[in-house]
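Asker: This is the structure I want to talk about, given as structure tokens.
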Amino acid sequence: MAMTRREFVAGSTGAFAASRLITASAASPDPSNPAPHRSRVIIDTDPGVDDALALLLAMRSPELIIEGLTAVAGNVPLDLTLPNALRMVELAGRTDIPVAAGAGRPLVRQLVTATYAHGENGLGGAFFPEPKAKPTAQSAAEFIRDATRKHPGEITLITIGPLTNIAMACTLDHELPRMVRGLVMMGGSLSGGNITPAAEFNVYVDPEAARIVFQSGIPISMVGLDVTRQTTLTDQHVRTLEAAQNPVSQGAGKIARNAIKHTREQGFLVGPNMHDSLAVAAFLDPSLLEWKDYYVDVETTGELTAGETLGYSPAAGDLRRTPEMEKQAALTMVIRGSAPTLATMKTSPVVRNSFVPNARVAVGVDSARFFDLLIGRLSETTKQLARDWRD
Ligand code: BDR
Ligand code: CA
């Protein structure tokens, strides 16, 4: 499927990318025909099979000015996620995009990886040669700080790995949260986890970092398992990628083919899910998803629940409230911590005195339209993409 610029703008009323129009300055897929209005992003990533496809989707999306990629340890250690990110910019012919090395481990925990899902090399076992491109001299946190200060109010962070780098950047520069435009995250869940019954992988790996980010004041859009569980890659998707004659779709097809094979070898009957591509797509076209405001916090101490994202919403789930009561609840709802033990305090600690949403959470998705966008953009030629954008 080719999304024309006209369709894109029409289909994304309230879209981040379309509503935050800025003048193009970086290279677009066809430098002789730059897209007229584009949005600045930094993508923080731990490639990762679904990260790899998400990065390729982003690099094939003319709406985006990708200021840089920042790599973080997650699915596999940093000494693999960093070269994998460099491999993807080479595959997409986008070595103009800087890639910065980030944290090699979570803030306070030991690294837990997901090689069971992504293979030992992070790309489902798909082989790509050593990248020639080199990372920037700056660390990821420094890169995020400098790019944000250069373009205050313009940059959206798209995070598709553990949030260590973003938390470090916020700690490095306390003004950063109010200087970034927003953050679109693949992470969290309000309906159970994947790495534990309670926690989604990216938040589980570094819950302390996730908590810093959720409490930072950055406007957050959370694309969690509630919706990414509905993004199962199929054989048919892979065949479409393999049939297209361009290096990106061939590379994506190779990763996807290996990932399906690896997933079946691990005993899974379906999958993998394209979690991270959905976060990129959510930025490109938020109308793919249904959104609800929540106050989200992260459990960091629970023995069984570390990394769980808790969503509080006076409007969610309680059908007995009248709209007037809901309005009242939003103003007066107190959010409490756990009940006190006999040995400690006499009352439950109040975490928030009133309900103030800090995140827009995706609660529904049009999976078919999402895959049209993902597979369409990966399998089109650069010329087709540029022509669609101009139409
Ligand atoms: C997330 O965890 C990782 O394994 C994926 O790349 C994705 O970012 C899904 O829980
Ligand atoms: Ca990821």
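Asker: From 332, 309, which residue is more than 30 Å from the chain's Cα centre (by Cα) and of a type in the set (Ser, Thr, Tyr)?
Answerer: Exactly one of 332, 309 is more than 30 Å from the chain's Cα centre (by Cα) and of a type in the set (Ser, Thr, Tyr), namely 332.
Asker: Given the condition closer than 23 Å to residue 274 by Cα and either outside any strand (DSSP E or B) or at pLDDT 95 or above (or both), answer yes or no: does some residue in the stretch 134-146 qualify?
Answerer: Looking for residues that are closer than 23 Å to residue 274 by Cα and either outside any strand (DSSP E or B) or at pLDDT 95 or above (or both), one finds none in the stretch 134-146, hence no.
Asker: Among 194, 121, which is the only one that is without any contact (Cβ under 8 Å) to a residue 60 or more places away in the chain, farther than 22 Å from residue 296 by Cβ and within 16 Å of ligand 1 (Cβ to nearest atom)?
Answerer: Step by step, each of 194, 121 is checked, and only 121 is without any contact (Cβ under 8 Å) to a residue 60 or more places away in the chain, farther than 22 Å from residue 296 by Cβ and within 16 Å of ligand 1 (Cβ to nearest atom).
Asker: In addition: Can you name the residue in the stretch 315-361 that is in contact with a Phe, Trp or Tyr (Cβ under 6 Å, 6 or more places away or on another chain) and small (Gly, Ala, Ser) and is also farthest from residue 288 (Cα to Cα) among such residues?
Answerer: Applying the filter and picking the extreme gives 330.
Asker: Additional query: Answer with yes or no whether residue 248 is free of Cβ contacts under 8 Å to residues at least 40 places away in the same chain, of a type in the set (Val, Ile, Thr) and more than 16 Å from ligand 2 (Cβ to nearest atom).
Answerer: No.
Asker: Next question, about the same structure. Does residue 165 satisfy the criteria of being within 25 Å of residue 50 (Cα to Cα), part of a helix (DSSP H, G or I) and in contact with a helix residue (DSSP H, G or I) (Cβ under 6 Å, 6 or more places away or on another chain)?
Answerer: Here the answer is yes, as residue 165 does meet what is asked.
Asker: Would you check which residues across the stretch 264-280 are more than 12 Å from ligand 1 (Cβ to nearest atom) and either within 18 Å of residue 202 (Cα to Cα) or not aliphatic (A, V, I, L, M) (or both) and list them?
Answerer: Of everything in the stretch 264-280, those that are more than 12 Å from ligand 1 (Cβ to nearest atom) and either within 18 Å of residue 202 (Cα to Cα) or not aliphatic (A, V, I, L, M) (or both) turn out to be 264, 265, 266, 267, 268.
Asker: I would also like to ask the following. Consider the stretch 52-73. How many of its residues are charged (D, E, K, R) and assigned to a strand (DSSP E or B)?
Answerer: So the answer is 1.
Asker: Further question: Quick check, is residue 161 buried (at least 20 other Cβ atoms within 10 Å of the Cβ), within 21 Å of the chain's Cα centre (by Cα) and not polar (S, T, N, Q)?
Answerer: When the stated conditions are applied, residue 161 passes them.
Asker: May I ask you to verify whether residue 45 is within 11 Å of ligand 2 (Cβ to nearest atom), modelled with pLDDT of 95 or more and out of contact with any His (no Cβ under 9 Å at 6 or more places or on another chain)?
Answerer: Yes; evaluated as a whole, the condition is true for this residue.
Asker: Does residue 199 satisfy being within 16 Å of ligand 2 (Cβ to nearest atom), crowded, with 20+ Cβ neighbours inside 10 Å and in a helix (DSSP H, G or I)?
Answerer: no
Asker: Among the numbered criteria (1) modelled with pLDDT under 95; (2) in a loop (DSSP other than H, G, I, E, B); (3) farther than 21 Å from residue 284 by Cα, which single criterion is violated by residue 29?
Answerer: (3)
Asker: Can you tell me which of 277, 249, 221 is touching a strand residue (DSSP E or B) at 6+ places or on another chain (Cβ under 8 Å) and either over 25 Å from residue 129 (Cβ atoms) or modelled with pLDDT of 95 or more (or both)?
Answerer: Just one listed residue meets the conditions, 221.
Asker: So, one more: Just for the stretch 340-356: of the residues that are hydrophobic (A, V, I, L, M, F, W, C) and surrounded by 10 or more Cβ atoms within 10 Å (Cβ to Cβ), which one is nearest to the chain's Cα centre (by Cα)?
Answerer: If we take residues in the stretch 340-356 being hydrophobic (A, V, I, L, M, F, W, C) and surrounded by 10 or more Cβ atoms within 10 Å (Cβ to Cβ), then 356 is nearest to the chain's Cα centre (by Cα).
Asker: Output the residues belonging to the stretch 168-196 that are under 16 Å from residue 72 (Cβ atoms) and part of a helix (DSSP H, G or I).
Answerer: Passing the criteria: 168, 169, 170, 171, 172.
Asker: Take residue 100 and tell me if it is surrounded by 19 or more Cβ atoms within 10 Å (Cβ to Cβ), aliphatic (A, V, I, L, M), touching an Asp or Glu at 6+ places or on another chain (Cβ under 9 Å) and in a strand (DSSP E or B).
Answerer: Judged against the criteria, residue 100 is a match.
Asker: One residue is enough: does the stretch 269-288 have a residue meeting the conditions acidic (Asp, Glu), closer than 30 Å to residue 330 by Cβ and assigned by TED's automatic domain parsing to the domain that holds residue 183?
Answerer: yes
The values are calculated or read from the model by the stated rules, or taken from the named source; none is laboratory data. Computed from a predicted model, the values in this text were never measured in an experiment. All Cβ positions, even for glycine, are placed from backbone atoms using ideal geometry, and neighbour counts span all protein chains on display.
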